[in-house]
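What follows is one structure encoded as structure tokens, with my remarks underneath.
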Amino acid sequence: MLRTVKITRYVTPLREGGSLPAIAEADDLGTYVLKFRGAGQGKKALIAEIVAGEIARALGFAVPEIVLADLDPEMARAEPDPEIQDLIRASGGLNLAIDYLPGALGFDPLANPPDPLLASRILWFDAYVANVDRSVHNTNLLEWHGRLWLIDHGASLYFHHTWRGLEAAIHRPYVATRDHVLLPFAEAIPKADKEMATRISPSMLRGVLDLIPEEWIRDEPGFDGAGEVREAYLRYLLGRLEEPRGWVRALEEAHEQAL
Ligand SMILES: Nc1ncnc2c1ncn2[C@@H]1O[C@H](COP(=O)(O)OP(=O)(O)OP(=O)(O)O)[C@@H](O)[C@H]1O
Ligand SMILES: [Mg+2]
């Protein structure tokens with residue numbers, strides 16, 4: 001189970017975030033990056049944050065803690081900005097919050113070249129969950145306390161916006177390969193592939209999928225309840241591991257061409 005906190009204060013918007021995330025405080029005295037259910041991509045982006053973020057954690061990557069965040073829509077009254085008022089009003093109830101890493105720096109691959117195996121693992125992971133948001137311009141990687149932290153997985157698993165493309169998505173090469181910030185550094189893709197694929201199991205994936213709040217998936221059109229939706233995610237996540245993994249081979253080829 002993810003912890004649930006209650007938001008006590010909206011501190012400030014994170015203007016660089018496309019979905020208007022905010023820094024907020026909660027009743028556990030923690031400071032979080034709050035992602036609103038009422039923002040652009042809605043609850044699907046929050047589901048992607050949970051599923052991809054928690055798979056990343058289970059694979060051993062550094063990921064800030066992800067919690068559910070209860071938001072009182074009446075907090076909108078205290079905000080002067082009408083856009084933020086609307087966002088808070090549209091997001092009453094359950095939202096997502098990510099532990100704020102104070103003083104974290106944006107990752108700069110030129111100043112601080114990453115370890116080739118770590119780069120390969122992250123590239124493999126992003127290709128596995130189809131995360132299209134890890135480019136040179138927007139790395140969504142933070143350097144903090146000597147480690148590289150993975151954030152912002154809301155643009156993963158994008159087949160869930162329509163579901164019709166699920167079967168095609170399972171075998172599709174990673175669409176964001178050429179833009180991926182770590183492609184030139186990923187010199188150990190076959191090793192990363194072996195490691196990562198052996199660490200992922202049906203029970204690990206089921207444990208992660210059980211973290212999605214029931215109320216975000218129980219009324220999904222085309223499905224008969226939350227259980228079926230969880231099974232659909234599992235179908236993708238297990239199907240993508242089936243051999244031969246053409247999408248991994250495509251990563252290797254793209255890496256060779258990028259040199
Ligand atoms: N846990 C965190 N700790 C510290 N800073 C963070 C954290 N999460 C996000 N940030 C900062 O806030 C910015 C926006 O967050 P995030 O990328 O998650 O939002 P987003 O709306 O999905 O952004 P975009 O779509 O523009 O990439 C990040 O680029 C980073 O600078
Ligand atoms: Mg981002």
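Can you return the lysines within cross-link range of residue 44? Criterion is Cα-Cα under 17 Å, with same-chain partners fewer than 8 residues away left out.
35
For the stretch 105-258, what is the accessible area per residue in Å² when the probe is 1.4 Å?
Roughly 48 Å² per residue, with all protein chains present.
So what's the angle, to the nearest 10 degrees on a 0 to 90 scale, between helix 116-128 and the longest Cα principal axis of the chain?
Roughly 70 degrees between the two axes.
Among 5, 31, 87, which residue has its Cα positioned farthest towards the positive end of the charge dipole of the stretch 4-99, with +1 placed on the Cβ of Lys and Arg, -1 on the Cβ of Asp and Glu, and the dipole taken about the Cα centre?
87
Any idea of the accessible area per residue across the stretch 4-99, 1.4 Å probe, to the nearest Å²?
The answer is 41 Å² per residue.
Under 8 Å for C-alpha pairs, at least 6 residues apart: give me the relative contact order for the stretch 124-259, rounded to a whole percent.
Relative contact order for the stretch 124-259 comes out at 31 percent.
For residue 161 and residue 211, FRET efficiency with R0 = 22 Å and r from the beta-carbon atoms, rounded to 0.05?
0.65
Residues with amide H under 5 Å of residue 69's amide H, sequence separation 5 or more or different chain, H placed in the peptide plane at 1.01 Å from N; which?
5, 95, 96, 97
Of 203, 188, 246, which is farthest on the positive side of the dipole of the stretch 177-259, counting Cα position, with +1 on Lys and Arg Cβ, -1 on Asp and Glu Cβ, and the Cα centre as origin?
188
Assigning unit charges at the beta carbon (Lys, Arg +1; Asp, Glu -1) and nothing else, what dipole magnitude in debye, to the nearest 20, does the stretch 126-259 show about its Cα centre?
Once rounded to the nearest 20, the dipole reads 280 debye.
In debye to the nearest 20, how big a dipole does the chain give about its Cα centre with +1 on each Lys and Arg Cβ and -1 on each Asp and Glu Cβ?
400 debye
Taking the Cβ-Cβ separation of residue 117 and residue 234 as r and a Förster radius of 30 Å, what is the calculated FRET efficiency to the nearest 0.05?
0.60
How much of the accessible area of the chain, probe 1.4 Å, is carbon plus sulfur, in whole percent?
Ligands and nucleic acids excluded, carbon and sulfur give 52 percent.
Return the FRET efficiency for the residue pair residue 89, residue 9: r is the Cβ-Cβ distance, R0 is 22 Å, and the value is rounded to the nearest 0.05. Don't skip to the answer; put the middle values down first.
Numbers: r = 17 Å, r/R0 = 0.76.
Efficiency at R0 = 22 Å is approximately 0.85.
Separation of the stretch 1-56 and the stretch 184-259 by C-alpha centroid, Å?
Each part reduced to its Cα centre gives a spacing of 23 Å.
Cα atoms only: what Rg and Dmax, in Å, come out for the stretch 4-99?
12.9, 42
Over the stretch 57-157, what is the mean sequence separation of C-alpha contacts under 8 Å (at least six apart), divided by residue count, expressed as relative contact order in percent? Don't skip to the end; give the middle numbers.
Details: 115 pairs, mean separation 29.8, N = 101.
Dividing the mean separation by the residue count of the stretch 57-157 yields 30 percent.
Indicate, rounded to the nearest 5 percent, the antiparallel portion of the DSSP beta bridges found entirely in the chain.
Bridges in the chain are about 85 percent antiparallel.
The values are calculated or read from the model by the stated rules, or taken from the named source; none is laboratory data. Bear in mind that the values here come from a model prediction, so they are computed numbers and not experimental data. Here Cβ is always computed from backbone atoms with ideal geometry, including for glycine, and neighbour counts include all displayed protein chains. Note: accessible area is taken over every heavy atom of the protein model, side chains too, but ligands, DNA and RNA are not part of it. Shrake-Rupley method; radii C 1.70, N 1.55, O 1.52, S 1.80 Å.
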